[in-house]
Structures are given as C-alpha cells and as structure tokens.
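Engineer: Submitted below is the structure of interest, expressed as structure tokens.
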Amino acid sequence: MNNLLNQVREDWARRPWWMNLIFYFCVYMTFIYMPFDLFWKPVAQDEEVWFGFTLTGWWAKATAPLHWLIYGAGAYGFWRMRSWMWPWAAVYAAQVVIAMAVFNVIDPRGGGWLAGLIAGVIFALPMVALWCARDAFSTSAVASAGGVRDE
C-alpha cells in the first residue's frame, strides 16, 4: 500500500496541481464516461457539443469517438508530459472556451450572453495556464520532477 501511495505522490509531483486536475479529468473521461457514452447510453439520449453546437442522436454517436480520442490523447500526454501537448492542450481548451460561450447564446438550455461570457472567462483560465505551461512539457522539467520521457 505504501508503494502505491508513493507512486501516486511521485506522479502528482510531475505536474502542477491544476494540470493534475485536467489529467485526472481526461483519465475519467477516457476510461469511465466515454465508454458509457458510446456503449450504454441510448442513441436517443446522446449529445455531443462541438464549438457550442449540439449534435444529437446518431450524429452525436458518430462524433463521440473523436471526443474519446481527444481525451485519451490528453490522458496519455499529461501522464507522460509529452512535448506535443504544448500547444495542443491549449488549442483544445480554446475550443472549449468558444463552445461554452456559443452554447449559452444559441442553445435554448443556455443562459444567454452573460452566462456565455462568464463561462468563457472561467474556462479561459485553464486555457491560458496551458498556453503558458510550455516549460512544464520540456524534457528538463520532466526529468527534474523524476519523470520518464519516452519520446
């Protein structure tokens, strides 16, 4: 048990705390939510949001594997702190900022332009943090944190 705790501590130390939150979110989405979404959720209930536009039914089911691929790449990239994560994690986060703003304005379930603005600002924080985190994905940063780079 101590060995497992030590491994978790070492892994946690490899990246900033906020990046760990994004990493574990990607792990959750890759291994728990997306398999449920693809294989158990009925087509009639399926929804995927891209750039703020909601796809439903078979269109949602057809595009869900792309979300699964993105979350899987994010989980792997943050786990290994791969250099290609910069700038691509920030670029995907920018898409989320756009989606949050657009969804709130165009979708009847959205909260309008003010909610879109607030959501966009909130989700811009991790986007900016990821954009500024280039050095965290460098070989020297990973090595100094005890990580292993396998590029």
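Engineer: Applying the selection to the range 51-78, what residues are surrounded by fewer than 16 Cβ atoms within 10 Å (Cβ to Cβ) and not polar (S, T, N, Q)?
Structural biologist: Answer for the range 51-78, where residues must be surrounded by fewer than 16 Cβ atoms within 10 Å (Cβ to Cβ) and not polar (S, T, N, Q): F51, F53, G57, W58, W59, A62, P65, L66, L69, Y76.
Engineer: Any residue in the range 32-61 that's closer than 20 Å to F103 by Cβ: show its pairings with residues that are in a helix (DSSP H, G or I) and among the charged types (D, E, K, R) at Cβ separation under 6 Å, as long as the two are six or more apart or on different chains.
Structural biologist: Every condition considered, the pairs that remain are D46/K61.
Engineer: Can you tell which of Y92, Y71, Y76 is closer than 16 Å to A119 by Cα and of a type in the set (S, T, Y)? Reasoning before the result, please.
Structural biologist: Working: Y71 fails: closer than 16 Å to A119 by Cα; Y76 fails: closer than 16 Å to A119 by Cα.
Criteria check complete, one pass: Y92.
Engineer: Here's another thing I want to ask about it. Of all residues in the range 38-61, how many are more than 25 Å from P126 (Cα to Cα) and acidic (D, E)?
Structural biologist: 1
Engineer: So which pairs qualify, if the first residue must be in the range 1-20 and farther than 16 Å from M85 by Cβ, the second must be in a loop (DSSP other than H, G, I, E, B), the Cβ gap must be under 6 Å, and the two must be at least 6 apart or on different chains?
Structural biologist: As it stands, the answer is E10/G146; A13/A145, since those pairs meet every condition given.
Engineer: State whether one or more residues within the range 55-64 are among the polar types (S, T, N, Q), closer than 22 Å to R15 by Cβ and in contact with a Phe, Trp or Tyr (Cβ under 9 Å, 6 or more places away or on another chain).
Structural biologist: Checking the range 55-64: not a single residue is among the polar types (S, T, N, Q), closer than 22 Å to R15 by Cβ and in contact with a Phe, Trp or Tyr (Cβ under 9 Å, 6 or more places away or on another chain).
Engineer: Residues that are of a type in the set (A, V, I, L, M) and closer than 19 Å to F137 by Cα: does the range 50-66 have at least one?
Structural biologist: Within the range 50-66 (the criterion being of a type in the set (A, V, I, L, M) and closer than 19 Å to F137 by Cα), the answer is no, since none of the residues qualifies.
Engineer: Show me the helices (runs of 4 or more DSSP H) entirely contained within the range 1-112 in which 1 or more residues are modelled with pLDDT of 95 or more and under 19 Å from the mean Cα position of the chain (by Cα).
Structural biologist: Helices (runs of 4 or more DSSP H) meeting the threshold: 17-28, 34-39, 57-80, 85-106.
The values are calculated or read from the model by the stated rules, or taken from the named source; none is laboratory data. Being a predicted model, the structure only gives us computed values, none of them experimental. Cβ: placed from backbone, ideal geometry, glycine included. Neighbour counts: every protein chain shown.
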